Amino acid sequence: MDEIKALIEKSVLCWLATSSKENIPNVSPKEIFAFYGIDQIIVANIASPQTVRNIKENGNVCISFIDILVQKGYQLKGTATIVDKSEKTFSQMAKPLLIMTEGKFPFQSIICLTIKQIKPIIAPKYVLFPETTETEQIESAKKAYGF
């Protein structure tokens, strides 16, 4: 989990996938998220009404994040709950998220995902060309993204 935690701390965005009770999928990017406790990811609910509705109907979720230069990351599957501001655990859970928002983006609830499955994400280049190093991949990505 240390590797996952370190990558989460470096990541700027993650993508949270949910599904309604009718199994209609929804994926939305999230900016304010953190590793929490032993096996949880918390996400500030800043403007995600569909995500919250879906989680209340169907707690199965998937969250993904990558290092865009190294092009490696993780897909984490699990169950999510919504922690409202009125709940006792909210203020403690909110601390790392409030540091990230600097108070500029208020949120009334937190999405709390408990990790059940972990799957690495790696760019196809690493599989097709096993001799590819992370340094080479970073240089290639920098050129592609204009860094």
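Things to note:
- Between ASN54, VAL127, CYS14, the Cα set farthest toward the positive side of the dipole of the range 2-145 (charges on each charged residue's Cβ, about the Cα centre) is that of ASN54.
- Förster radius 30 Å - calculated FRET efficiency between ILE121 and LYS143, Cβ distance, rounded to 0.05: 0.90
- Relative contact order of the range 2-145: 25 percent, from C-alpha pairs under 8 Å at least 6 residues apart in sequence.
- Given (i) 2, 10, 21, 25, 23, 14, 5, 0; (ii) 2, 9, 18, 20, 18, 14, 9, 6, 3, 1, 0; (iii) 2, 10, 19, 22, 21, 15, 8, 3, 0, the label whose value is P(r) over Cα pairs in 5 Å bins from 0, in percent derived from this model: (ii)
- Per residue of the chain, the DSSP helices (runs of n ≥ 4 H) give a summed -39500 (n - 2.57) that works out to -9000 deg cm²/dmol at 222 nm.
- The spacing between the range 57-78 and the range 16-43, judged by their C-alpha centroids, is 8 Å.
- Modelled label positions at GLU136 and LYS85, each set 7 Å beyond Cα in the direction of Cβ, lie 5.2 nm from each other.
- Kyte-Doolittle mean at least 0.0, axial Cα span of 27 Å or more - DSSP H helices of the chain: none
Read-outs: derived from the displayed coordinates by stated rules, not from any lab. Keep in mind it's a predicted model, so treat the numbers as computed, not measured. Positions of Cβ are generated from backbone atoms using ideal geometry, with glycine treated the same way; all protein chains shown enter the neighbour counts.
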